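The values are calculated or read from the model by the stated rules, or taken from the named source; none is laboratory data. Keep in mind the model is a prediction, meaning the values are calculated, not measured. As a convention, Cβ positions derive from the backbone with ideal geometry for all residues, glycine included, and neighbour counts pool all protein chains shown.
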Amino acid sequence: MAKKKFVVGCFDDEAVLFPAVKKVRTAGYKIHDVYTPFAVHGLDHAMGLRETSLHTAGFIYGIAGTTTALSCISWIFTKDWPLNIGGKPHFALPAWIPITFELTVLFAAVGMVLTFCYISQLAPFVKKHHFHARSTDDLFVMVIECTEKTNAEDLKAFLAANGAVETDIQIAEEGWWLGRYDKDEMRYENKQTVAA
Amino acid sequence: MHLKYESQLREPLVYGDKNYHQVTEDIVRPIEAKPTRLWYIGFYIAVCLLLFGVYAIYRDVTYGIGQWNLNKTVGWGWDITNFVWWVGIGHAGTLISAILLLFRQGWRTGVNRAAEAMTIFAVMCAGQFPIWHMGRVWMAFFVLPYPNTRGPLWVNFNSPLLWDVFAISTYFTVSLLFWYSGLLPDFATVRDRAFTKLRKRFYGIAAFGWTGSTKHWQRHESLSLVLAGLSTPLVLSVHTIVSFDFATSVIPGWHTTIFPPYFVAGAIFSGFAMVQTLMVIIRKVFGMEDYITMGHIEAMNKVIVLTGSIVGVAYLTELFMGWYSQNKYEGYTFWYSRAYLFSPYGWSYWGMMACNVLSPQIFWFRKMRRNLFVTFFMSIIVNIGMWFERFVIIVTSLYRDYLPSSWSVYYSPTIWEIGFYAGTFGLFFTCFFLFAKYFPVIAIAEIKYVLKTTGESYKDKMGHLEHVSVEVFTHSGHGHTVVENESAN
């Protein structure tokens, strides 16, 4: 994938970040992403992201599990090898509920986690560009993609005026690649703590 | 931006004047520091126990399970007792992380990570017992339904023992996924501040390339919530199904409809006791008193006294039914084999009663709930009691069945049965020591998320909100934004 130019603004408080996100969006800039150390509720709405459909996928996987269990067991016990267990009915639905339930949960959970990793491009040995090493510690890092029309210096000043404690221009790969984190990665600097 | 406002009257969940960076520092510090002497000693003991267990298993596989003292009619002895015991312990982690998440219990954040780890390790230990009890363990895969050349000959889907195979393996898989997906952001935190090459590389792989993107967080939240929703019935189903192993049989003492809720309550009871044992140690050794507070300990002790009392009611109900049914086999099992102190196994029944029902009542007193020594001592007592419970259920029902001619001689374990059990302790603690050294033992991102609503220093600043009317509070941009801006000025 091609490299792109980004303007990066770091905030140290989510209460400052929210108005800044709003202002950046009204000003017409395209927010590439905001990297936060924890899930900041409402930030996705503030950024105008659509709701995730992951739970719908989970529901479908669950139904798939239910169907698999019921169809397999009923085929095995009524068609393939009808085992006589104490003369009880071959189609013993109540006795199949536990396994059906377990497979529903198993399919839903495994399917959702795999989907989550796939759509978020998360896997062992995957490497991505990190705009700031402290974005997993205590900084909320807003990254704005530059177009030909963007004046990066103006944008930096705009971010700083809206409360960014650090601003930066970076040219970076936006996708993922297979790589190692112990190579060419910024070393973490133990910065003095900032008042929250 | 927290919609939630918590009254100042509630105890803070995080003590001290913390900010986000301080939280990272506090929790990651043990990972970056060299292990202490105490860690090495503990780890060494755990590995020794594990090796002894491996040798016990080696003898079991080589010479067969005749190495154990199981006899006719005590075909299930220490092995299945230990299996149920470990599975029970494995219930607290998912209860804390899933059910308490759905119930919006804020205090779960401090303890969920370690409790989930405990769950996974406990289920690993539990799984060993039915597997090695098979004797011809190289045929263990026969329990799986797969098309085979023997017919195909399928497993019996109507059997509770097969339900157990599905329940335990599903439970293990789902708990592992839940735990690991929660660990991703925290591994990324450790990775991004690592300054040794090895650590950077290891956590780089472990964190799956997590960046903290808002979209990823949004999906992560959705994933956690749905996994919690799935795990909640799952955790209840697992011990229900374990209880079916007994309840669907026609053995007096097992054949009771009360088993599912009674087993689930017992599982939560013993699970919380094990969590307490580990938490009291972790908070002391790693200096996590600010995160695993007295409030956390007290909350868990409340769960212990509640579930202990539920279990107590179940014991009494069983005794009552043993008499009320007027079934002489039931009566014999409950009133002679169990409740009569001078019957061969009467000691185990009264050990169970003393440990599980009587002694936890001490937690009705707030002073006792907040006493670390009492908590630690009681957590051990409860686990001993819960081991007795499973032993009582299994052995006292089996050693004398319908035919007096096949009544067994007194069953006591061999050193290899005990060694196997000790070995699972070794496995459990080896895993736990490694976890405590290399993993963030507290969910860093989740603590940061609740910091501004429940952190001590933030709570102190909320005084004036207590006097604000509901209208003003709800229409002033979620309350907190206002406070935070004011305090920043």
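Yes/no matrix, rows are residues, columns are (1) of a type in the set (Val, Ile, Thr); (2) in contact with a Cys (Cβ under 7 Å, 6 or more places away or on another chain); (3) buried (at least 20 other Cβ atoms within 10 Å of the Cβ):
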site	(1), (2), (3)
B:362	yes, no, no
B:378	no, no, yes
B:383	no, no, yes
B:393	yes, no, yes
B:396	yes, no, yes
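If you check B:151, B:209 for being part of a loop (DSSP other than H, G, I, E, B), surrounded by fewer than 21 Cβ atoms within 10 Å (Cβ to Cβ) and at the interface with another protein chain (Cβ under 7 Å from one of its Cβ atoms), only one passes: B:151. The condition (being aliphatic (A, V, I, L, M), more than 25 Å from the chain's Cα centre (by Cα) and over 19 Å from residue B:234 (Cα atoms)) is satisfied by just one residue among A:69, A:160: A:160. The set of residues in the range B:167-181 being in contact (Cβ under 8 Å) with a residue 60 or more places away in the chain and either within 25 Å of residue B:447 (Cβ to Cβ) or facing chain A (nearest Cβ under 7 Å) (or both) consists of B:167, B:170, B:174, B:175, B:178, B:179. Here residue A:46 meets each of (1) farther than 21 Å from residue A:131 by Cβ; (2) touching a helix residue (DSSP H, G or I) at 6+ places or on another chain (Cβ under 8 Å); (3) within 10 Å of chain B (Cβ to nearest Cβ); (4) not β-branched (Val, Ile, Thr) with one exception, condition (1). Note on the range B:369-419: residues that are touching a Ser or Thr at 6+ places or on another chain (Cβ under 8 Å) and part of a helix (DSSP H, G or I) amount to 21. Determine if the range A:87-98 includes at least one residue that is outside any strand (DSSP E or B), at pLDDT below 90 and at the interface with chain B (Cβ under 9 Å from one of its Cβ atoms). Yes, the conditions are met somewhere in the range A:87-98.
Can you confirm whether the range B:191-200 contains a residue that is within 22 Å of residue A:50 (Cβ to Cβ) and not β-branched (Val, Ile, Thr)? No, because not a single residue in the range B:191-200 is within 22 Å of residue A:50 (Cβ to Cβ) and not β-branched (Val, Ile, Thr). The sole residue among B:162, B:230, B:223, B:184 that is crowded, with 16+ Cβ neighbours inside 10 Å, within 8 Å of chain A (Cβ to nearest Cβ) and within 18 Å of the chain's Cα centre (by Cα) is B:230.
Let's see how each residue does on (1) of a type in the set (Lys, Arg); (2) more than 30 Å from residue A:111 (Cβ to Cβ); (3) touching a strand residue (DSSP E or B) at 6+ places or on another chain (Cβ under 7 Å):
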| position | (1), (2), (3) |
| --- | --- |
| A:3 | yes, yes, yes |
| A:22 | yes, yes, no |
| A:27 | no, yes, no |
| A:33 | no, no, yes |
| A:53 | no, no, no |
| A:58 | no, no, no |
| A:67 | no, no, no |
| A:73 | no, no, no |
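Taking the range A:48-101 as the range and being under 16 Å from residue B:155 (Cα atoms), touching a residue at least 24 places away in the same chain (Cβ under 8 Å) and in contact with a Ser or Thr (Cβ under 8 Å, 6 or more places away or on another chain) as the test, the residues that pass are A:69, A:70, A:73, A:96, A:100. From A:36, A:115, which residue is touching a residue at least 60 places away in the same chain (Cβ under 8 Å), closer than 29 Å to residue B:187 by Cβ, more than 8 Å from chain B (Cβ to nearest Cβ) and surrounded by 14 or more Cβ atoms within 10 Å (Cβ to Cβ)? Going through A:36, A:115 in turn, the sole match is A:115. Of the residues contained in the range B:439-462, one or more are found to be closer than 30 Å to residue B:126 by Cβ and away from chain A (no Cβ under 14 Å). Give the residues of the range B:187-197 that are modelled with pLDDT under 90 and more than 8 Å from chain A (Cβ to nearest Cβ), sorted by residue number. Across the range B:187-197, the qualifying residue is only B:196. Taking the range A:154-169 as the range and being under 16 Å from residue A:4 (Cα atoms) and loosely packed, with under 15 Cβ neighbours inside 10 Å as the test, only A:169 passes.
Scoring residue A:147 on the criteria (1) more than 10 Å from chain B (Cβ to nearest Cβ); (2) under 15 Å from the mean Cα position of the chain (by Cα) leaves a single failure, condition (2). Can we say residue B:260 is part of a helix (DSSP H, G or I), more than 9 Å from chain A (Cβ to nearest Cβ), without any contact (Cβ under 8 Å) to a residue 40 or more places away in the chain and surrounded by fewer than 21 Cβ atoms within 10 Å (Cβ to Cβ)? Yes: the conditions hold for residue B:260.
Please tell me if residue B:95 is among the aliphatic types (A, V, I, L, M) and under 20 Å from residue B:388 (Cα atoms). No.
Summed over the range A:8-41, residues that are under 15 Å from the mean Cα position of the chain (by Cα) and among the small types (Gly, Ala, Ser) total 1.
Conditions (1) buried (at least 20 other Cβ atoms within 10 Å of the Cβ); (2) closer than 24 Å to residue B:407 by Cα, marked per residue:
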| site | (1), (2) |
| --- | --- |
| B:291 | yes, no |
| B:302 | no, no |
| B:310 | no, no |
| B:313 | no, no |
| B:323 | no, yes |
| B:338 | yes, yes |
| B:344 | no, yes |
| B:349 | yes, yes |
| B:352 | yes, yes |
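For the range B:14-32, the set of residues classified as exposed (fewer than 14 other Cβ atoms within 10 Å of the Cβ) and in a helix (DSSP H, G or I) consists of B:29, B:32, listed by residue number.
Does residue B:465 count as at pLDDT below 80, buried (at least 17 other Cβ atoms within 10 Å of the Cβ) and at negative phi? Spelling it out, residue B:465 is indeed at pLDDT below 80, buried (at least 17 other Cβ atoms within 10 Å of the Cβ) and at negative phi. When B:344, B:360 are checked against the criterion of being outside any helix (DSSP H, G or I) and in contact (Cβ under 8 Å) with a residue 24 or more places away in the chain, a single residue qualifies: B:344.
Could you please let me know if residue B:311 is among the aliphatic types (A, V, I, L, M), part of a helix (DSSP H, G or I) and under 16 Å from the mean Cα position of the chain (by Cα)? No; evaluated as a whole, the condition is false for this residue.
The selection criterion, being part of a helix (DSSP H, G or I), within 7 Å of chain A (Cβ to nearest Cβ) and under 30 Å from residue B:30 (Cα atoms), holds for residue B:204.
Filter the range B:15-36 down to residues that are of a type in the set (S, T, N, Q) and more than 18 Å from residue B:446 (Cα to Cα), then give me how many there are. Outline the logic, then answer.
Residues of the range B:15-36 that are of a type in the set (S, T, N, Q), as a first pass: B:19, B:22, B:24, B:36.
Restricting the remaining residues to those that are more than 18 Å from residue B:446 (Cα to Cα) gives B:36.
Residues meeting the conditions: 1.
Right, residue A:141: of a type in the set (Val, Ile, Thr) and touching a residue at least 24 places away in the same chain (Cβ under 8 Å) or not? Yes, satisfied. For the range B:125-137, filtered to residues that are among the small types (Gly, Ala, Ser) and in a helix (DSSP H, G or I), the residue that is surrounded by the fewest Cβ atoms within 10 Å (Cβ to Cβ) is B:127.
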